[in-house]
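**Student:** Before anything else, here's the structure in question.
Just so you know, all these numbers are worked out from the coordinates, no wet-lab data involved. Small disclaimer: the values here were computed from a predicted structure and weren't measured. Here Cβ is always computed from backbone atoms with ideal geometry, including for glycine, and neighbour counts include all displayed protein chains.
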Amino acid sequence: MFIEPQHGRTIRGWIEVICGSMFSGKTEELIRRLKRARIANLKVEIFKPTTDVRYDPVDIVSHDENVIRSTPIKNSQEILLLSEGVEVVGIDEAQFFDQEIVSVCNQLAFKGIRVIVAGLDMDFSGKPFGPVPELLATADYITKLHAICVVCGNIASFSFRKSAEEDQVVLGEKNNYEPRCRYCYQHK
């Protein structure tokens, strides 16, 4: 663990990953943690992929319409360039980033930066999604959130795609996806 004095504080870098299905509150939890870091007067920088324009091209917006300003970026290497002098880095929709996001997060943590990442751990087909599984393997702290199954009301871990599209990445909201438990997901 890297420790460096900064602004009279001892900073220890680490990686936190918030994962789960769609509608489980990942972005809401990310925003909550980042706002608390700002209340603590920490220097915070927030990033999201440029491809995520569902609610806003710049801001990170939760399904509950909670909002925080972010910097849209095309690839994970930009985070290293834009996070100089920060104490906390927030990253939303990690599943849409390239595999280098894992190395970027580790580099930041070794510099003494707290890194908070949110993303889907599985795609619509129930398979590991993008770099998130590798982020989970290297994370210091993991929070797996669950939605509520819209079919039976149990805890939901799967993102069921209602449309027939087969591409792994199809941006959508409640019109395209719904949370389902394991049983209701399998018995489509």
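**Student:** Using helices alone, I'd like the mean residue ellipticity at 222 nm for the chain: each DSSP H run of four-plus residues gives -39500 (n - 2.57), total over residue count, nearest 500.
**Tutor:** -6500 deg cm²/dmol
**Student:** Let's see if you can work this out: charge +1 on each Lys and Arg Cβ, -1 on each Asp and Glu Cβ, no other charges. What is the dipole magnitude of the chain about its Cα centre, in debye to the nearest 20?
**Tutor:** So the magnitude is around 580 debye.
**Student:** Please compute the modelled spin-label separation between Asp59 and Gln77, points set 7 Å along Cα→Cβ, answer in nm with one decimal.
**Tutor:** 3.2 nm
**Student:** Under 8 Å for C-alpha pairs, at least 6 residues apart: give me the relative contact order for segment 3-145, rounded to a whole percent.
**Tutor:** Here the relative contact order equals 36 percent.
**Student:** Can you tell me the equivalent ellipsoid semi-axes for the chain? Use √(5λ) from the Cα gyration tensor, largest first, whole Å.
**Tutor:** Three semi-axes, in Å: 30, 16, 15.
**Student:** For the residues Cys19, Cys184, what sequence is obtained by ranking on other C-beta atoms within 10 Å, fewest first?
**Tutor:** So the residues, fewest neighbours to most, are Cys184, Cys19.
**Student:** Obtain the nm distance between the two label points defined at His146 and Arg38 by a simple spin-label model: each point lies 7 Å from its Cα along the Cα-to-C-beta direction.
**Tutor:** Here the answer is 3.2 nm between the modelled labels.
**Student:** I've got another one for you. Ranked from highest to lowest mean number of other Cβ atoms within 10 Å per residue, what is the order of the peptides 24-37, 124-137?
**Tutor:** 24-37, 124-137
**Student:** Another one. Cross-link list Lys48/Lys188; Lys35/Lys162; Lys74/Lys127; Lys26/Lys111; Lys43/Lys127: which exceed 27 angstrom alpha carbon to alpha carbon?
**Tutor:** In this structure, Lys48/Lys188; Lys35/Lys162; Lys43/Lys127 lie more than 27 Å apart at Cα.
**Student:** What is the spin-label model distance, in nm, from Gln186 to Lys127 if the labels are put 7 Å beyond Cα along the C-beta direction?
**Tutor:** Roughly 2.0 nm, to one decimal.
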